[in-house]
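Quick notes on the structure that follows.
The values are calculated or read from the model by the stated rules, or taken from the named source; none is laboratory data. The shown structure was predicted, so the numbers you read here are calculated from the model rather than taken from an experiment. Note that we place each Cβ from the backbone using ideal geometry, even for glycine, and neighbour counts take in every protein chain shown. Side chains included, ligands, DNA and RNA excluded: accessible areas come from the protein's heavy atoms. Shrake-Rupley method; radii C 1.70, N 1.55, O 1.52, S 1.80 Å.
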Amino acid sequence: MARRRAGARILALAVALFATPLTAHELGDFGRVKPGVLNDDIIPKADRFGRWITGQPVSDFNITDQEQEMHDRVYRFLIARHVKDWAFDYEQVVMVASLFSKRSSRDDLYYMWLTREPYASSRVRYNTITDDVGADVLTLPSTFVSICAVIEVDRQRAVAASQLDDIGPEMIVQMQTRKAENDLHIARFVRALRYRYDSYAYALDHFLVETPHMEAVRVDAALSDYAIWLDRAEAGTFCVDDAADWLDGREALPGRILLDAPSEGEYRK
């Protein structure tokens, strides 16, 4: 009976935490997760229980420094300040429910939020999209490097397990489970990256019809750079030898805007 009550308390805690926005984490300087009981103990336990009850992989392995850094960088991407007013509702579902959520895509949330904001000029909405896309892209090199490090950790585990005679089947199962955990975490990041890109592109397409301005040229160029990162992420290409290799020598993708025009000036809110 006591065990049943304890399980019920854990379930209630998990439901309560999952019902709150991602900002339930306490944040410190520069938007980083702040050390403390809530972030280091309560939320991880609730997340672990939530993954277990939804049939997702849960390993008993200790977490490596590389895995912790990847978690922190992916989380920081998800809670970026410029998406707090529109994306949390959807990305909470991506993070909590499961990788293959049955909820329909909502690529219009960003556009709808921008249309409701009382900007002094319609041009400012294009500048906002450009800034938001650029803010995302700035986080991607370090996030990709952290994911690459975790991929290497999983490879090293597999090599060690194949060469050591005293590793039992239970340890092999835990190793495989941890890799599945890491793969799921990476896949969630890729899905969020795709969702963010589709939201920006949806907004640009609709503002081209609603309030056409030449500021759209800059937005299109920024999205073309973003698309290169997205292509790499969806292909699983997180590891490169050199920072210059990120663009792989490719030009920006063909855009919606074919001709440049004299600047009409930059407007800010």
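Below are the figures for this structure:
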item	result
Index of the failed condition, Y90 passing every other in (1) modelled with pLDDT under 90; (2) within 26 Å of T237 (Cα to Cα); (3) open to solvent by 40 Å² or more (accessible area, probe 1.4 Å)	(3)
Neighbours by Cβ (under 9 Å, 6+ apart or cross-chain): first from segment 161-182, within 27 Å of F144 (Cα to Cα) and in contact (Cβ under 8 Å) with a residue 24 or more places away in the chain; second β-branched (V, I, T) and outside any helix (DSSP H, G or I)	M175/I167; T177/V58; R178/I63; E181/V58
Among residues of segment 110-147, those that are out of contact with any helix residue (DSSP H, G or I) (no Cβ under 7 Å at 6 or more places or on another chain), closer than 21 Å to I79 by Cβ and open to solvent by less than 40 Å² (accessible area, probe 1.4 Å), counted	2
Condition check for W246: in a helix (DSSP H, G or I), open to solvent by less than 30 Å² (accessible area, probe 1.4 Å) and at pLDDT 95 or above	no
Answer residue from segment 195-216, given it is part of a helix (DSSP H, G or I), in contact with an Asp or Glu (Cβ under 6 Å, 6 or more places away or on another chain) and open to solvent by 30 Å² or more (accessible area, probe 1.4 Å) and is farthest from T128 (Cα to Cα) among those	D198
Meets criteria (of a type in the set (A, V, I, L, M), within 20 Å of R73 (Cα to Cα) and either at pLDDT below 95 or not in a loop (DSSP other than H, G, I, E, B) (or both)) for A161	no
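Every residue, every condition in (1) under 17 Å from A227 (Cα atoms); (2) modelled with pLDDT under 95, yes or no:
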| residue | (1), (2) |
| --- | --- |
| R155 | no, no |
| D165 | no, yes |
| V190 | yes, yes |
| L193 | yes, yes |
